[in-house]
Amino acid sequence: MEKTAAASDYREQQAWNAAEAGYKRAVAQLEAGNAIWKDWLIDDNDLKDGTFSVVNGLGGEPQSGNEKLAGVLENGIWYAVAISSATSGVELKHGESGNGNYTPVQGETYSITSIGSCNGIHKVIRKTYTLGDNGGTGGGDSGGEETLKLPGLVQAGGDVKVSDNQNGLFGGDLYGSKFHSDNNNSWIFNNSEYTAYMKGPYDRTLKTYIPDSIFLKNSYSNLVDIPADLVLGSGKNYFWDMSKLNENWFYLDAEKSSGQVIFIDNKTAAKIKTKGIIGPSTGKPVTLIFTDNITIGGNITGNVRMFFANNFTLENLGPAVGLIMIMANGQVTIDAPITDGFLSSYKNITIGNRLFKGQIQVKGDFTTKGTIHYSNAVLNEPGFTVPKGMRENK
């Protein structure tokens with residue numbers, strides 16, 4: 001049984017690798033301005049019907065012919081790719097003249113579907129890619145991400161305000177359009193120990209808006225329903241409908257879900273309480289995606305990425321310990337200690353009288369009453385990437 005399970009896991013991973021190879025080949029040839037597509041692409045209709053005129057073998061010669069999906073290279077590893085322009089509707093295989101000639105257009109968005117197969121196990125990647133967008137706007141299971149490097153503790157497009165009382169301290173560079181000072185906190189900005197840390201406006205464009213595709217369920221293939229006990233296995237992406245969970249306590253064990261996605265529909269659950277959200281202790285983080293406003297109270301541990309379509313609040317019901325990435329297209333409010341974190345908001349960020357260690361980027365204002373210190377541990381750790389296609393504005 002163990003050998004059978006291991007063989008199945010191997011085939012599934014190889015199928016994912018094949019699908020990703022097909023997607024990456026499509027992106028590379030779009031970027032290269034390739035004009036000949038007929039030799040390796042399939043038709044969208046063939047894809048839907050399960051009949052392929054061309055598949056691309058890995059480790060062997062490409063095979064061709066109108067064969068049913070179930071009968072194509074059952075004992076081999078291959079990928080099959082279809083590309084069409086979501087902007088103009090043109091299928092790249094045919095082109096305007098029907099002979100496979102088509103030149104990609106800068107600024108157009110292309111729909112890419114790649115099926116990967118290994119010994120009869122099939123995996124599918126579906127994404128959109130905008131030519132010239134340096135990586136595309138797609139969400140999905142793999143690819144479409146990039147590393148982010150920021151120099152300071154805080155990078156803000158608006159005002160930076162540290163402390164309404166003399167408990168607040170900071171250690172690290174602050175970038176902002178204005179450094180707010182009132183009667184209670186003016187001392188911190190007049191003290192020579194801290195003055196050197198204030199850098200003025202950030203000299204590069206902050207990309208804080210997460211692409212809408214990240215929050216679309218159909219951007220992710222092969223989602224399986226989350227188990228009732230909320231103990232997750234490895235190698236699977238999950239879908240979680242939170243409609244019956246509002247304010248209820250739960251315990252989510254995602255320790256084995258390194259590199260995986262949990263897509264969470266929380267449109268009817270505005271507030272949840274957890275006895276623990278546990279991510280992997282090593283390796284790539286687990287990614288939690290929330291589709292609406294959410295308040296979370298409770299412990300978060302391990303390597304965890306969290307993307308929020310709207311506002312997010314972390315209540316002080318327990319610390320966030322581990323490597324934690326929090327990114328939102330709405331307001332971010334943190335009222336719990338975070339030992340190593342990265343915060344990003346398209347609007348404003350507020351940290352209460354709590355300890356925060358990490359880095360912060362925010363389009364609007366940043367405010368804290370607590371002690372904050374610089375650490376680049378999150379952004380330097382493998383897997384803590386950000387979606388490509390992030391923008392300054394919607």
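The values are calculated or read from the model by the stated rules, or taken from the named source; none is laboratory data. These figures come from a predicted structure and were not determined experimentally. Neighbour counts run over all protein chains shown; Cβ positions are idealised from the backbone, glycine included. The area values use the complete protein model at the heavy-atom level, side chains included, leaving out ligands, DNA and RNA. Shrake-Rupley method; radii C 1.70, N 1.55, O 1.52, S 1.80 Å.
Identify all residues within the range 230-243 that are more than 18 Å from G297 (Cβ to Cβ) and either open to solvent by 30 Å² or more (accessible area, probe 1.4 Å) or not hydroxyl-bearing (S, T, Y) (or both); write none if there are none. Result: V231, L232, G233, S234, G235, K236, N237, F239, D241, S243. Can you confirm whether the range 254-266 contains a residue that is touching a strand residue (DSSP E or B) at 6+ places or on another chain (Cβ under 6 Å), at pLDDT 90 or above, surrounded by fewer than 18 Cβ atoms within 10 Å (Cβ to Cβ) and farther than 24 Å from E12 by Cα? Yes; the residues of the range 254-266 include at least one that is touching a strand residue (DSSP E or B) at 6+ places or on another chain (Cβ under 6 Å), at pLDDT 90 or above, surrounded by fewer than 18 Cβ atoms within 10 Å (Cβ to Cβ) and farther than 24 Å from E12 by Cα.
Among the residues of the range 352-379, what is the count of those that are open to solvent by less than 30 Å² (accessible area, probe 1.4 Å), farther than 19 Å from G322 by Cβ and under 19 Å from the mean Cα position of the chain (by Cα)? Here the count works out to 2.
K394 falls short on exactly one of the conditions (1) free of Cβ contacts under 8 Å to residues at least 60 places away in the same chain; (2) charged (D, E, K, R); (3) part of a loop (DSSP other than H, G, I, E, B), and that condition is (1).
Out of all the residues in the range 22-39, which are outside any helix (DSSP H, G or I) and open to solvent by less than 10 Å² (accessible area, probe 1.4 Å)? Lay out the reasoning, then the answer.
Of the residues in the range 22-39, the ones outside any helix (DSSP H, G or I) are 32-39.
Scanning the range 22-39 gives a single hit, W37.
Matching residues to (1) of a type in the set (V, I, T); (2) free of Cβ contacts under 8 Å to residues at least 12 places away in the same chain; (3) part of a strand (DSSP E or B):
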| position | (1), (2), (3) |
| --- | --- |
| L314 | no, no, yes |
| G318 | no, no, no |
| T333 | yes, no, yes |
| T339 | yes, no, yes |
| S344 | no, no, yes |
| K347 | no, no, no |
| N353 | no, no, no |
| T367 | yes, no, yes |
| I372 | yes, no, yes |
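When residues in the range 319-349 are screened for being open to solvent by less than 10 Å² (accessible area, probe 1.4 Å), in contact with a Gly (Cβ under 8 Å, 6 or more places away or on another chain) and among the small types (G, A, S), 4 of them pass. If the condition is being under 29 Å from T287 (Cβ atoms), modelled with pLDDT under 85, open to solvent by less than 40 Å² (accessible area, probe 1.4 Å) and not in a loop (DSSP other than H, G, I, E, B), then the range 128-169 contributes Y129, T130.
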